[in-house]
Amino acid sequence: MCAHPARFVAAAPTGYRPFMPRSRQPRPQATLASIAAELKISRTTVSNAYNRPDQLSAELREQILEVAKRRGYAGPDPMARSLRTRRAGAVGVLLTEALSYSFRDPAAMSFLSGLSESCEAAGEGLLLIPAGPDRDEEEAAQVVHGAAVDGFVVYSVPSDDPYLAAVLERNLPLVVCDQPRGIASAPLVGIDDRGAMRGLAEHLIGLGHHRIGVLCMRLGRDRRDGVVDTARFESDRFHVQHERILGVQEALRAAGIDPASLTVVERYAHTAEDGASGAAQALAADPAITALMCTTDVLALGALAWARSAGLEVPGQLSITGFDGIGEALREGVTTVRQPQEEKGRRTGALLMAAPSHSGVATVETLPTELLIGQTTGVHDETSIYAE
């Protein structure tokens, strides 16, 4: 008698074939060499089909591409190509705001549109690098030093931004738009911010406005919303905003008006909602204000919406001005300064493509602006001063 326990084995049905798992080994990846071996041609010839098609006959190139398609070969590795040529084929754009801002702010979008035209013509792509006011030095260094780019465009970044410091360490071709000023050997494209704002203030003074307020974008990297004191104004980290306020002060001084009478309100974020709250704060700080000068059209549109909701007549009781000349402001009839944002982008890109290195004499290109008188400014009437 068998001492081992019985084992029951089910009989296989007729025609049964045991399951054999398919091989999970991936198909060997096609390469230049494997394509060349199949066609019995050189690797250089296969490479030319992608990189120098003029060197091959149309028939041979078509044959190469057909075999490559059949074998799932997409073409030479761009990373390997960049290592050989030491070119990444992209331009890094350093922005002072979050990435979403670039697709929301009309002025920034216009600049990027112009820049992309120059880059496209040169066969370069764009890599957007949002700096933002709340980033630290370690994060900045990692992002900037890891960016595969051939050069940098610095778009309206404050002088103390850690991303800017990391960009300068790369020692690649560099062009600045708007700010910061004074980077040795870096070409700069911008406008006369002080002169443009001074002309706008002179327009208001000529209409009889002597009590003027300014609503500006942030003056420092730290988060602040409120009335600007002397110490805050003199920090001078954001050149563009600082220059525009100086332009107003110069116009007041030239007209015999004490610049100390100027109320300046700062907003950390740049939205129409911030324009509305900033306008309310400016008028609360000085109810005698008869003209509010906003350093951007976005802020001006918010201020205009607030004035209407508060029951103020514009320009009867309060004149409002903007800056930039964006489409929405022009449609609303805002008195503003139009600056050539797309041309800024085109010129910035052209200068970068022409820059052989991060050395030499810096070029400064100052583009013209245009004062556009709309329906939001009018003659000041002493009887229409806004007061609670």
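The values are calculated or read from the model by the stated rules, or taken from the named source; none is laboratory data. The structure displayed is predicted, hence computed values, not measured ones. Glycine gets a Cβ as well: all are built from the backbone with ideal geometry, and neighbour counts include every protein chain shown. When the accessible area is computed, the model is the full protein with side chains, heavy atoms only, and any ligands, DNA or RNA have been set aside. Shrake-Rupley method; radii C 1.70, N 1.55, O 1.52, S 1.80 Å.
Remarks
- For Thr44 and Ala58, the difference between the fully extended length at 0.36 nm per residue and the C-alpha to C-alpha distance is 3.4 nm.
- For the range 193-340: rounded, prolate or oblate by the Cα gyration tensor [a/c cutoff 1.5]: rounded
- 1.4 Å probe accessible area per residue over the range 193-340, in Å²: 35
- Computed accessible area, Arg346, all protein chains, 1.4 angstrom probe, square angstrom: 70
- In range of the label at Arg232: residues from the range 195-219 whose backbone nitrogen is under 13 Å from the point 7 Å along Cα→Cβ: 214-219
- Between Ala354 and Asp192, the simple label model (points 7 Å from Cα in the Cβ direction) yields a spacing of 2.2 nm.
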